[in-house]
1. Restricting the range A:35-94 to residues that are at negative phi and hydroxyl-bearing (Ser, Thr, Tyr), which is nearest to the chain's Cα centre (by Cα)?
2. Could you identify the single residue in B:Thr343, B:Thr378, B:Thr356 that is of a type in the set (Val, Ile, Thr), within 12 Å of B:Ala190 (Cβ to Cβ), touching a strand residue (DSSP E or B) at 6+ places or on another chain (Cβ under 7 Å) and surrounded by 24 or more Cβ atoms within 10 Å (Cβ to Cβ)?
3. Need at least 2 residues that are of a type outside the set (Lys, Arg) and within 14 Å of another protein chain (Cβ to nearest Cβ) per element, so show me which helices (runs of 4 or more DSSP H) inside the range B:35-122 make the cut, counting only ones lying wholly within it.
4. Would you kindly identify the helices (runs of 4 or more DSSP H) lying entirely within the range A:1-76 that contain at least 2 residues that are open to solvent by less than 30 Å² (accessible area, probe 1.4 Å) and either without any contact (Cβ under 8 Å) to a residue 40 or more places away in the chain or of a type in the set (Gly, Ala, Ser) (or both)?
5. Please list, ordered by first then second residue, the pairs with beta carbon atoms under 7 Å, 6 or more apart or interchain, first in the range B:119-140 and basic (Lys, Arg), second surrounded by fewer than 24 Cβ atoms within 10 Å (Cβ to Cβ).
6. Take the residues of the range B:243-262 that are part of a loop (DSSP other than H, G, I, E, B) and surrounded by 20 or more Cβ atoms within 10 Å (Cβ to Cβ): which is modelled with the lowest pLDDT?
7. Are any residues in the range B:141-172 touching a helix residue (DSSP H, G or I) at 6+ places or on another chain (Cβ under 7 Å), within 14 Å of another protein chain (Cβ to nearest Cβ) and not β-branched (Val, Ile, Thr), and if so, which ones?
8. Which of the residues belonging to the range B:497-516 are open to solvent by 50 Å² or more (accessible area, probe 1.4 Å) and of a type in the set (Val, Ile, Thr)?
Amino acid sequence: MMIEVLDTDTCTDCNLCVQVCPTNVFQAQPEGPPLIKRQDACQTCFMCELYCPVDALYVEPDADAVHGLTVEGVHERQLFGSYRKAIGWHKDTRHRRLIDDHFRLPQ
Amino acid sequence: MNVPLQGLDETTVAAVEIACDVLVIGGGPAGCWAALEAASIGAKVVLVDKGYCGSSGATASAGTQIWYVPPDPAEREVAMASREAMGGYLSERSWMVPVLDKTFESVNRLADWGYPFPRNDNGEEQRISVQGPEYMRLMRRRVKNAGITILDHHPATQLLTLEGRVVGAGGLRRQAGGHWLVKAGAVVLAAGGCAFMSKALGCDVLTGDGYLMGAEVGAELSGMEFSSAYAISPAFASVTKTALYRFAQFYRKDHSLIEGAGSARGRSIIARTLLSEPVFARLDLAGTDEVKAILRRAQPNFFVPFDRRDIDPFTDFFEVKLRLEGTVRGTGGLRLTGLDCSTTVPGLYAAGDNATREPICGGFTGGGSHNAAWAIATGAFAGAAAAAYSLQRVSATDFGPACIALPDTKGIDPAEIIKAVQDEVFPLDINYFRTHSALLASLKRLDALWENVGRATALNEDHSLNLRQAQAMLATARFMYRAALSRTETRGMHRREDYPTQNPDQHHRLILSGLDHIAVRQEAVDPGAYKEAAE
């Protein structure tokens, strides 16, 4: 369920996810990447993915069940960092910060 | 002056102790605007958040339209009139006008601060909507740069009072360990509403903590019967972005169309159908590829679950469910005594979802728009008033050493309480389609639960926060059903199956107070000039 994958090869142990997770899912370690310590507290808000500077996190959208995803599987489908790209927080997609088309929605 | 504080035990000294003029509890939009406003008039401000100011709460992970209306008399008239009938005429123009003014001014400041508003084909900025992550990242930066102390992962668990005034708060340091205590000349509660950990997007931190803390020191609540907001989400995901479902049609399992079902007026048909069978949706009203592209750009988070499952929501059927959003998209909360957002307790102010939104919405809101404006405006009003109140006092925080209650075990599992509360508030046939008998039976069970856990404390610190959240949800559920039983009519979002019409004799607000015994009284509403809409 929820936050499922932390790519320990990509992770820089910056622990930003530990800080930004509103429900305190991660736990910093004395050495190495943080742990997904309280997975059942994950509310599937995707904020950790957005703040991860190296796209090492992947949140499965199902808020209620674990799906057993692997780093390889998520890489293969090119899903690491996909939401960050969609909202323009990736350096290659900065123009997307300006594309909020709410005002164009047919009324 | 060295008077012992109420609400505190003498046994443990807090690990972190700070004195300030204004303490803001909650780091969502309301809390950030409150902190900024208080700091701008010279107050020393501390902001605490249960999670992380910038990512916590209903706004950060979502995106929201804003009730942003230029000060043109005709446009303002339309804006104010548009929701009065839907809200059951429990709103007041004396509130709408200043909220619209403050929202307009504040959103323009967002633009000055560099918020990347999109432009239309004429190059004009469009300021009617913000993306949550972008908005709250900017707000955190502004708060930080204003010299405000931000304490993340510092959940508040209790307010401190001295001689009937609120003079600070204490809580847990859930990552650093130990406790915190902030002595303040005034406190702004901006801790959000309550969505009962339904996994509605970003809402699991919203457990009614601010209602409980307010009620404990004697603050009143209002509008708690308007708490039956449910959002549509894919059955397999947490993304409760209901707005785009106006481009959806709803179907049974055999793909036959459910007539009349829709995201706005037809949501009760969806709810009714869900009582007996699953419901599926498809965004088949989006029409052209151009419209589909606009929807994708307007709400990127809506599409995340679908893209991750290789589902095309425009052409594929997908199962949907209704997730309770409680008072987050309902309207109940702490009662405000005036435009300064004060509560009935001196030194205590409330803003955003923590306060009742009835003054601008009456008994109905839904997501975004008014809620965003309410957070912005009441945040600013409360921050300014709290700062003024605090600064006019000499040595407001000089009350000697203080400490936080040391938790003590009663062997209660908070997870069990939370599950028991959810079993009372999630079911559509109790909370959405309300009847006297179902509400009464449910309230009796909730009251019995409260007798056991209302004052209980837990030993271990992880448990301690969970227990506090469980208590807050339990208190909120009891407020909701106490008020829902008292309103024997259908008004706003409060739907009574046994009283299906609006009753002119009940054109009043319901004010609650107390915790062990919840008292109900009526308060008259002066909605100002409004047009009688034909319903």
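The values are calculated or read from the model by the stated rules, or taken from the named source; none is laboratory data. Remember, it's a predicted structure, so these values are computed and weren't measured experimentally. No Cβ is skipped: glycine too gets one built from the backbone with ideal geometry, and neighbour counts run over all protein chains shown. In case anyone asks, the SASA skips ligands and DNA or RNA and just uses the protein heavy atoms, side chains included. Shrake-Rupley method; radii C 1.70, N 1.55, O 1.52, S 1.80 Å.
1. A:Tyr58
2. On the way: B:Thr343 fails: within 12 Å of B:Ala190 (Cβ to Cβ); B:Thr356 fails: within 12 Å of B:Ala190 (Cβ to Cβ).
Going through B:Thr343, B:Thr378, B:Thr356 in turn, just one is of a type in the set (Val, Ile, Thr), within 12 Å of B:Ala190 (Cβ to Cβ), touching a strand residue (DSSP E or B) at 6+ places or on another chain (Cβ under 7 Å) and surrounded by 24 or more Cβ atoms within 10 Å (Cβ to Cβ): B:Thr378.
3. The qualifying helices (runs of 4 or more DSSP H) are B:57-60, B:93-112.
4. Numbers: elements: A:16-20, A:47-51, A:71-76.
Those helices (runs of 4 or more DSSP H) span A:16-20, A:47-51.
5. From the range B:119-140, the pairs are B:Arg119/B:Glu125; B:Arg119/B:Gln126; B:Arg127/B:Tyr68; B:Arg127/B:Val107; B:Arg127/B:Ala111; B:Arg127/B:Phe117.
6. Within the range B:243-262, the match that is modelled with the lowest pLDDT is B:Ala261.
7. Of everything in the range B:141-172, those that are touching a helix residue (DSSP H, G or I) at 6+ places or on another chain (Cβ under 7 Å), within 14 Å of another protein chain (Cβ to nearest Cβ) and not β-branched (Val, Ile, Thr) turn out to be B:Asp152, B:Pro155, B:Leu172.
8. Result: B:Thr501, single match.
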